[in-house]
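*Asks:* Let me begin by handing over the structure; questions about it come next.
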Amino acid sequence: MTMLYRSTRGSSPAVNFSDALERGLAPDGGLYVPERLPSIDVEEFSDLKAIEDIAERLLTPFLDGDPLAPELKKIGTEALSFPIPITPLAQGPAQVLELFWGPTAAFKDIGARFLAECLQRIDGPARTVLVATSGDTGGAVASAFWRKPGIEVGILFPKDGVSVRQRHQLTCFGENVSAFAVSGTFDDCQKLLKQALADEEWRTGRGLTTANSINVARLLPQIVYYAAAALHHHRQSGTVPGFIVPSGNVGNATAALWAKAMGFPVGRIVMVTNANRTVPDYLQTGSWSPRPSVKTLANAMDVGDPSNMERVFDLYPDIEDLRRDVESMSVDDAEIEETIRHGRERYGRVWDPHTATAVRASEILDGDHWVLVSTAHPAKFDDVVEPLIGEGVEVPPALAELLARESRFVEIEPELAALARAW
Ligand SMILES: *Cc1c(COP(=O)(O)O)cnc(C)c1O
């Protein structure tokens, strides 16, 4: 039976996976979600260890009846082509799920590569991929789509909202990849993207789609590493791990919730935010009040109106059910600094500012079986990390290669007309 994707807002027709991927946002402004999440039996996965095999079995029902289904094995293998280790902490029982060994040193490489591998296999006219980034998405998307034939890529980033190395990573590709520094915040970039996606001229004229975490194709491969980590942990210890997820737009945590809903051995999920407290405030007060984002040291999480909460509300129409499965807390910049500063002595590790929020949360939370989701390599945020630890951070080879390239971008106002003129 074909797997269909429906809009969270319910007033657009359900479509197959390829169509949901190409559209990005549903015509009614909602986000695509699978019509029904497949349920699994853990036994079906008991013979699988390699992540690409878990990916194939897990994702097969999501692409049921889709033209891309026969290519799934290849797509998954390309997207997950670097190590995703789960390592114990020197202190205490927690483990760390290291998602940052891809080309741009952050977990977004996984979703972006899966999306790029899918999109280049869908027949059709020339395409434009536009993406708004609070830092790491842009680099991951640029890297994933660079030199893919027939695909033009535009990256919108807040002019003063990204680190020097992040900016370099999203402006160093060129050729089919253009970068735009928007005078405004990430939320302005995201608004601009939504305007473009809602614009018929852009959509049909330019064949526009998006690679933001609102694209359902970004979320699917993220379910895989939660499943793999949970199965591994469960096999080893017989216990069900909880995951502490540094959260911004809440895509990564949504993937964890989907893994749990499918029946993988996943316990509680902690959405840890920086000083942008929209999600923890919601769980505490029960009222949803998005607000402008504030700048923090964990800038890829500087989101005041997290889009993917629409998928979370869809999965959990009743807040009491959500409160049973999810907790949320906010970690401010002072705590982030403190956690990074003491990383070596407490854990023998150097943390990046995003992972530091999860580490700090684990120090506050009860319970033994936490997996800390490490979303970036500290070398990506050297400007924050190095002064705090008083030493240099070794740059992984893939990142070093990018940093050696020249950077180019154009500055624009946060308006669709300005983008059209510049591109
Ligand atoms: C994007 C990002 C996050 C937040 O992920 P969401 O899926 O947007 O919640 C956390 N850490 C890093 C390093 C990121 O790049």
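The values are calculated or read from the model by the stated rules, or taken from the named source; none is laboratory data. What you see is a predicted model; the values in this text were computed from it and never measured. Ideal geometry is used to build each Cβ from the backbone, glycine not excepted, and the neighbour counts take in all protein chains shown. The accessibility values were calculated without ligands, DNA or RNA, using every heavy atom of the protein model including side chains. Shrake-Rupley method; radii C 1.70, N 1.55, O 1.52, S 1.80 Å.
*Asks:* Using only the alpha-carbon atoms, what does the stretch 275-423 span along each of its principal axes? Please give whole angstrom values in decreasing order.
*Replies:* Taking max minus min along each principal axis of the Cα atoms, the stretch 275-423 gives 52, 50, 25 Å.
*Asks:* Here's another thing I want to ask about it. Using a/c under 1.5 as the rounded threshold, could you call the stretch 152-195 rounded, prolate or oblate? The axes a ≥ b ≥ c are square roots of the C-alpha gyration tensor eigenvalues, and prolate needs a/b larger than b/c, oblate otherwise.
*Replies:* Because a/c hits 1.5 or more and a/b fails to exceed b/c, the stretch 152-195 counts as oblate.
*Asks:* In Å, what Kirkwood hydrodynamic radius results for the chain from the alpha-carbon pair distances?
*Replies:* Here the Kirkwood hydrodynamic radius works out to 21.3 Å.
*Asks:* Separate question: If packing is taken as the average number of other Cβ atoms within 10 Å across a peptide's residues, how do 217-229, 273-285, 359-371 rank, most packed first?
*Replies:* Taking the mean over residues of other Cβ atoms within 10 Å, the ranking is 217-229, 273-285, 359-371.
*Asks:* Also, I was wondering about something else. With springs only between Cα atoms under 10 Å apart, run a GNM on the chain and tell me which of T204, T104, T355 wobbles the most.
*Replies:* Comparing T204, T104, T355 in the GNM, the peak value goes to T204.
*Asks:* What does the C-alpha gyration tensor say about the overall shape of the stretch 179-218? Classify as rounded when a/c is under 1.5, otherwise prolate if a/b is larger than b/c, or oblate.
*Replies:* Verdict is oblate for the stretch 179-218.
*Asks:* Ok, one more. When ranked by the protection proxy of mean other Cβ atoms within 10 Å per residue, highest first, what sequence do the peptides 266-272, 71-77, 242-248 form?
*Replies:* The peptides rank, most packed first, as 242-248, 266-272, 71-77.
*Asks:* Shifting gears a bit: For the stretch 378-423, what percent of Cα pairs sit more than 17 Å apart?
*Replies:* Tail fraction, whole percent: 58.
*Asks:* Turning to a different aspect of this structure: When the chain is fully extended, how far beyond the present Cα-Cα distance does R408 get from Q195, taking 0.36 nm per residue of separation?
*Replies:* 74.2 nm
*Asks:* If you roll a 1.4 Å probe over the stretch 1-132 with all protein chains in place, what percent of the accessible area is carbon or sulfur?
*Replies:* 51 percent
*Asks:* Quickly work out the D321-to-K74 label distance, labels modelled 7 Å from Cα along the C-beta direction, and quote it in nm with one decimal.
*Replies:* 3.9 nm
*Asks:* Would you calculate a helix-derived [θ] at 222 nm for the chain, using -39,500 (n - 2.57) for each DSSP H run of n ≥ 4 and dividing by the full residue count, to the nearest 500?
*Replies:* -11500 deg cm²/dmol
*Asks:* Related question: At what distance in nm do the modelled label points of D383 and T285 sit from each other, each positioned 7 Å from its Cα along Cα→Cβ?
*Replies:* With each label point 7 Å from Cα toward Cβ, the separation is 3.2 nm.
*Asks:* Further, regarding this structure: Can you give me the Cα centroid spacing of the stretch 388-410 and the stretch 57-91 in angstrom?
*Replies:* When both Cα centres are located, 28 Å separates them.
*Asks:* In debye, nearest 20: dipole of the chain around its Cα centre with unit charges on the Cβ of K, R (+) and D, E (-)?
*Replies:* Here the size comes out at about 460 debye.
*Asks:* Report the percentage of all Cα-Cα pairs in the stretch 24-151 whose separation exceeds 22 Å, rounded to a whole percent.
*Replies:* Pairs farther apart than 22 Å: 49 percent.
*Asks:* Still on this model: Looking only at Cα atoms, what is the convex hull volume of the stretch 233-329 per residue, in Å³?
*Replies:* For the stretch 233-329, the hull spanned by Cα atoms encloses 94 Å³ per residue.
*Asks:* Skip the ligands, DNA and RNA, and give the accessible area per residue of the chain with a 1.4 Å probe, whole Å².
*Replies:* 37 Å²
*Asks:* Going by average Cβ density within 10 Å per residue, which order do the peptides 314-325, 139-150, 341-352 take, highest to lowest?
*Replies:* Result, highest mean first: 139-150, 341-352, 314-325.
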